[in-house]
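The values are calculated or read from the model by the stated rules, or taken from the named source; none is laboratory data. The structure presented is a predicted model; accordingly, all values stated were derived computationally and were not measured. Cβ placement follows ideal geometry from the backbone for every residue including glycine, while neighbour counts extend to all protein chains displayed.
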Amino acid sequence: MTATQLKSQLMTDSEVDRTLVRLAYEVVSKNDSVEQLAIVGIKRRGAVLGERLGAKIAELEKKTVPVGSLDIQLYRDDLSTVADQPVVRDAQLPFSIAGKDVILVDDVLYTGRTTRAALNALFEHGRPRTVQLLALIDRGHRELPIEARFVGRFVATTSDEIVEVKVQSIDGDERVLLVEKVNQG
């Protein structure tokens, strides 16, 4: 594991919540109907953010939007750097995505490789009408031609910096941090 040191806090828990409210308004305003929406979060933290986004849209529109999640581990093209053996888990999509406007939710958009893997996994479950990417943080440094339609915050980073999104249900904490890799030795 890479050693890191905290550089700054990018968002507090209340800022994350306000950002999700703003993103919910944007999603609703840029789509014809919430009837056709489905939210799919990329595990782990994207799935948590997707659940919260779905709840905020339901609160705004007084209509439930189906929410599911994808585990993209098997679809990564960088498995050798992630783990020796991929961990295969089922997607939790208790609804059909066929013909839906899918909001694909991730915590941090970086190289685009996670999004590419998520698209591969998503299309194994059907053919949505559209797929729109939503990222809480876009830190740049794309290696693939992928762009989020909805972004909570753009954060300029270097290759030695890492954006860490903390969510209460996984980390026992709620905030977004900028940390930097440090050399040991």
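Brief remarks follow.
- Filtered residue count, the range 23-41, keeping only those that are small (Gly, Ala, Ser) and either surrounded by 13 or more Cβ atoms within 10 Å (Cβ to Cβ) or touching a Cys at 6+ places or on another chain (Cβ under 7 Å) (or both): 3
- Boolean, THR130 is of a type in the set (S, T, N, Q), over 17 Å from ILE39 (Cα atoms), at pLDDT 95 or above and surrounded by 12 or more Cβ atoms within 10 Å (Cβ to Cβ): no
- Of all residues in the range 101-121, those that are in contact (Cβ under 8 Å) with a residue 12 or more places away in the chain and over 21 Å from ARG52 (Cα atoms) have Cβ atoms under 9 Å from Cβ atoms of residues that are surrounded by fewer than 24 Cβ atoms within 10 Å (Cβ to Cβ) and among the polar types (S, T, N, Q), 6 or more apart or on another chain, in TYR110/THR157; ALA117/GLN73.
- Qualifying positions in the range 140-173 - farther than 26 Å from SER29 by Cβ, buried (at least 16 other Cβ atoms within 10 Å of the Cβ) and out of contact with any strand residue (DSSP E or B) (no Cβ under 6 Å at 6 or more places or on another chain): THR157
- Scanning the range 107-127 for residues that are charged (D, E, K, R) and either in a strand (DSSP E or B) or buried (at least 17 other Cβ atoms within 10 Å of the Cβ) (or both) gives ASP107, ARG113, ARG116.
- Listed by position, the strands (runs of 3 or more DSSP E) contained in the range 140-185 that have at least 3 residues being β-branched (Val, Ile, Thr) are 161-166.
- Test: residue in the range 38-45 that is farther than 17 Å from PHE95 by Cα and touching a residue at least 60 places away in the same chain (Cβ under 8 Å): yes
- Pairs meeting the criteria (first residue in the range 18-33 and under 14 Å from VAL65 (Cα atoms), second residue among the charged types (D, E, K, R), beta carbons under 7 Å, at least 6 apart or on different chains) are ALA24/LYS56; VAL28/GLU61; ASN31/ASP101.
- You will find that of LEU104, LEU74, LEU60, LEU53, the residue that is of a type outside the set (Gly, Ala, Ser), at pLDDT below 95 and not in a loop (DSSP other than H, G, I, E, B) is LEU74 and no other.
- Scanning the range 30-65 for residues that are within 13 Å of ILE170 (Cβ to Cβ) and touching a Leu at 6+ places or on another chain (Cβ under 7 Å) turns up GLY41, LYS43, LEU49, ARG52.
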